[in-house]
Amino acid sequence: MRSRAGMAVAVAVVLGLVSASGQPVPAFAGPAAPPQPDPVGVTRQDEAQALAADLATLAEERGWTSAQARARHELAEKIRPLHRTLAERLPDTYVGGVLPERPGEAPTFLVKGVAPEFVRTMVAASGLPIRIVDRQPYSAGELADRSRAVHGQLKALGYTSVTTAADITSGQVRATVTAKPGTALRGVPSTSASISAALPASLRAGLDLDVVEGPANQRHTSLFGGMPTTRPGAGLICTTGFSVSPGGFVGVTTAAHCNNSQAVHNGARHPLNLFDEHLGDFGDVEWSTSDVPVTDDFVAGSTETRDVTGVRRLADMLIGDQACVFGQSTGLRRCSFIADLDVSITDRRGTSHRQVAVRDNITQVGDSGGPWFVGTVAYGTHVGNAQVNGATVSAFSVADLFDEALGVRVMR
């Protein structure tokens, strides 16, 4: 795990707040400022308008009607409490909930081994059309542990571009590595079969391994959430995610790999004073203070801003959940479905774990750090794309884990 100024928040109480560079955080990084006027041409959406806009985006991209998109969203919200209950009561055997790919189909609850009778009783009492598929090989926690163990073994073999994902729908670990020319001559396994054979026997079952020529992932490098970031002499580098607060102080997040030092607001550049960064067990994220007022707003589209009203817990996310993103490089809101809830990425910058991947590649270089959301609920901040199961998909760090990564929480 790579972390800088990791104890900053804790020692600030005794020593006074300092940035990652060791400089005092200026007084203007203090309590959040009152809301600022929106730029001309920008629409501020309330909670209902924000959700309606995201559902409309999803419907348009999928070829659905607005009613179908809304019905699917409402179904997800109805089954989420049952999903939460099962995760709490069956921590060693519950695998997760899966929403249908198409409107009108039934969602699924996955259980390791034989599902206890109370599961069927609870589902029947709900009156919801939920399928129970038991006798799964691993629980969600076991599959995540296997995925990270495979990731570590692939790094130990010398592979420096690696993606692994815990696929609960198949009970498999999906792994991708970038081919290393000449490795076979040096005795390093270089094919899917030889790499798998080099792993411990306990990790080979349920492993789907791809060797690709291009990178196995790409972090998308190029005041409030969704703004462009840069540094002196450079153009667009990344995008800010959400406003955060470790108590009475405020700042904004972006991706830890971005290496930016300025945010752009209404054409003006403002300094970003790096306070802490984390590229490790809980994703790829950093937070900085600035000399402009910080509110809980975020940019959700080319002409839309919103207030944050909540943060989606990782434990409450479902496979198939809608998730939308805005990045300054892409320049518009895009939506997809959550496909994997535990993705690990290794590249030249390091290794980051516990990221979430969606089914599609809907982002590009320069979107890193940008907000992922549904309506006014924060889901996470953008990392980049990854090769999972033969496809290029977008991935994000989870906002619910910002406290573990940085000791901060999303402002709302």
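The values are calculated or read from the model by the stated rules, or taken from the named source; none is laboratory data. All values reported here derive from a predicted model rather than from experimental measurement. Here the Cβ is made from the backbone with ideal geometry for all residues, glycine too, and neighbour counts use every protein chain on show. Side chains included, ligands, DNA and RNA excluded: accessible areas come from the protein's heavy atoms. Shrake-Rupley method; radii C 1.70, N 1.55, O 1.52, S 1.80 Å.
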Quick calc: nm separation of the 7 Å Cα→Cβ label points for ALA71 and ASN361 -> 3.4
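Quick check for you: with a 1.4 Å probe and neighbouring chains kept, what is the accessible area per residue of segment 62-124, in Å²?
49
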Determine, from the Cβ-Cβ distance of ALA197 and LEU314 and an R0 of 45 Å, the FRET efficiency 1/(1 + (r/R0)^6), rounded to the nearest 0.05. 0.85
Considering all projection directions equally, how large on average is the shadow of the alpha-carbon convex hull of segment 338-390, in square nanometres? 4.1
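With N set to the number of residues, divide the alpha-carbon radius of gyration of segment 262-394 by 2.2 N^0.38 Å and report two decimals. Numbers along the way, then the final one.
Numbers: Rg = 14.9 Å, N = 133, 2.2 N^0.38 = 14.1 Å.
Segment 262-394 yields a ratio of 1.05.
Around VAL211, what is the net charge, scoring Lys/Arg as +1 and Asp/Glu as -1 over all other residues with Cβ under 14 Å from its Cβ?
Numbers: positive: ARG174, LYS180; negative: ASP208, ASP210, GLU213.
Within the 14 Å Cβ shell, the charges total -1.
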Taking a virtual spin label 7 Å from the Cα of GLU61 along the C-beta vector, which residues in segment 308-352 bring their backbone nitrogen under 11 Å of it? 322-327, 332-338
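Per 0.36 nm of contour for each residue apart, how much would the distance between VAL212 and VAL114 grow if the chain were fully extended, relative to their Cα-Cα spacing?
Working: separation 98, 0.36 × 98 = 35.28 nm, distance 3.77 nm.
Length difference between fully extended and current span is 31.5 nm.
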Classify segment 37-90: rounded, prolate or oblate, from the alpha-carbon gyration tensor (a ≥ b ≥ c, eigenvalue square roots; a/c under 1.5 rounded; otherwise prolate if a/b is larger than b/c)? oblate
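Please state, to two decimals, what the Cα-based radius of gyration of segment 272-339 comes to when divided by 2.2 N^0.38 Å (N = residues).
Numbers: Rg = 14.5 Å, N = 68, 2.2 N^0.38 = 10.9 Å.
My calculation over the Cα atoms of segment 272-339 gives 1.33.
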Give me the compactness ratio for segment 35-139, meaning the Cα radius of gyration over 2.2 N^0.38 Å. 1.40
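For MET317, MET122, give me the order by solvent-accessible area with a 1.4 Å probe, most accessible first, ignoring ligands, DNA and RNA. Show your work: numbers first, answer last.
Working: MET317 0, MET122 40 Å².
The ranking, largest first, comes out as MET122, MET317.
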Straight-distance crosslink candidates among lysines, where the alpha carbon sits under 22 Å from LYS155 and sequence neighbours closer than 8 are dropped: LYS180
How large are Rg and Dmax for segment 310-357 when only the alpha carbon atoms are used, in Å? 12.7, 34
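Expressed in nm to one decimal, what extension gain is obtained for the pair THR85 and VAL133 from 0.36 nm per residue of sequence separation less their Cα-Cα distance? List each step's numbers first, then the result.
Working: separation 48, 0.36 × 48 = 17.28 nm, distance 1.67 nm.
Here the answer is 15.6 nm.
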Take the alpha carbon atoms of segment 96-153, find their center, do the same for segment 65-93, and report the distance between the two centers in whole angstrom. 12
Which percent of Cα-Cα pairs in segment 88-136 sits in each 10 Å bin, short to long? 26, 56, 18, 0
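Test of the criteria: in segment 37-96, which trypsin sites (Lys or Arg not before Pro) are in a DSSP loop and have at most 14 other Cβ atoms within 10 angstrom of their Cβ?
On the way: sites: ARG44, ARG62, ARG70, ARG72, LYS78, ARG84, ARG89; in loops: none.
The qualifying sites: there are none.
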Consider a paramagnetic label point 7 Å from the Cα of LEU332 along Cα→Cβ; state which residues of segment 369-394 have an amide N under 14 Å from it. none
So how far apart, in nm, are the two label points at THR43 and THR121 if each is 7 Å from Cα heading toward Cβ? 4.9
